């Protein structure tokens, strides 16, 4: 089998889609298939092209993986105009340059968001006679409305909704990361073929035994109880809630909040912490992906927040925390909350309920026995239901059966 992945996000960038797609590519290669990646120049989330990259097009080969990178307009600004320019720059460069250099394959796997990449995917799949698999990791434009980026029934919303419908209708197969995403699509487009390509975690990489003395020292003093967040500092995460909780818990001398990562809201978060004199909050810069498992395993509590309810959203950080045997405080509702409650892997707090967030943190801070139970439950759940090797194997089996 020959398969091409079309994605704006790919390593050496650090993030959820980057990790998920690179692992999926690795599993295809291990099964003996030919894999090509068409991606943007790495720039996320710093909003600048990484050192050693740039220009209009670049070819790389990593073992048996070919990566073609094309031009992208980098930005860290979260306003609609800058994000739109960022999305369309790669949509256009991948469409035009991909038409010239991309080899023919059996399948073209298109990662959305950005939704606009479906236009490039449709063009390339038609030109190269490939079957398009449209993978939905967030429901656009609905999630944009929920985050306040788009207004319902605005011109931008109507155009995006038509594009969403077009992408689903043109796809040979629609895949999605969560059950609720797939239920939404199947309800609105019952005639379209779908496959639940669940998000998950590499349970060998994320493991309780990954914790080291060095990773613990990075997070804080040995006596501290560390509430840890690692990931994008963006609009959807609502990390202001964590700072509000830290403010109310600043009298707890051995309780520390560590926020690792980068993103469009980090500057304002750092400034807010400074103005509030939050000495119990530490901001760390992004670290290479290979260092994250040890840091997650070294934490006492892992915070997985969302600002609001987003249809279908199940953060990758939840799976990573469970696989690492860490208790979770999940600030979310919907499917993610069901996973935590049903399997007793942590405490669920509704987005925006800072008082309940404070109580959840205080409960786990004072109950190491409960932290241990939640962590053990999480590890078992990750191994049984969300191991990426099993998930990828099922997807590859499905595509092989269609050749």
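The values are calculated or read from the model by the stated rules, or taken from the named source; none is laboratory data. The model shown is predicted, which means the values in this text are computed figures rather than measured ones. Note that we place each Cβ from the backbone using ideal geometry, even for glycine, and neighbour counts take in every protein chain shown.
Key figures for this structure:
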| item | result |
| --- | --- |
| Tally of residues being free of Cβ contacts under 8 Å to residues at least 60 places away in the same chain and in contact with a strand residue (DSSP E or B) (Cβ under 7 Å, 6 or more places away or on another chain) across region 120-130 | 2 |
| Count - residues of region 174-193 that are touching a strand residue (DSSP E or B) at 6+ places or on another chain (Cβ under 8 Å) and surrounded by fewer than 20 Cβ atoms within 10 Å (Cβ to Cβ) | 5 |
| Lone unmet requirement of (1) within 23 Å of residue 292 (Cβ to Cβ); (2) assigned to a strand (DSSP E or B); (3) over 18 Å from the mean Cα position of the chain (by Cα) for residue 53 | (2) |
| Selection within region 344-353 - surrounded by fewer than 24 Cβ atoms within 10 Å (Cβ to Cβ), touching a helix residue (DSSP H, G or I) at 6+ places or on another chain (Cβ under 8 Å), at pLDDT 95 or above and farther than 20 Å from residue 181 by Cβ | 344, 347, 350 |
| Output for region 99-119, where each listed residue is part of a helix (DSSP H, G or I), in contact with a strand residue (DSSP E or B) (Cβ under 7 Å, 6 or more places away or on another chain) and either at pLDDT below 95 or surrounded by fewer than 24 Cβ atoms within 10 Å (Cβ to Cβ) (or both) | 101 |
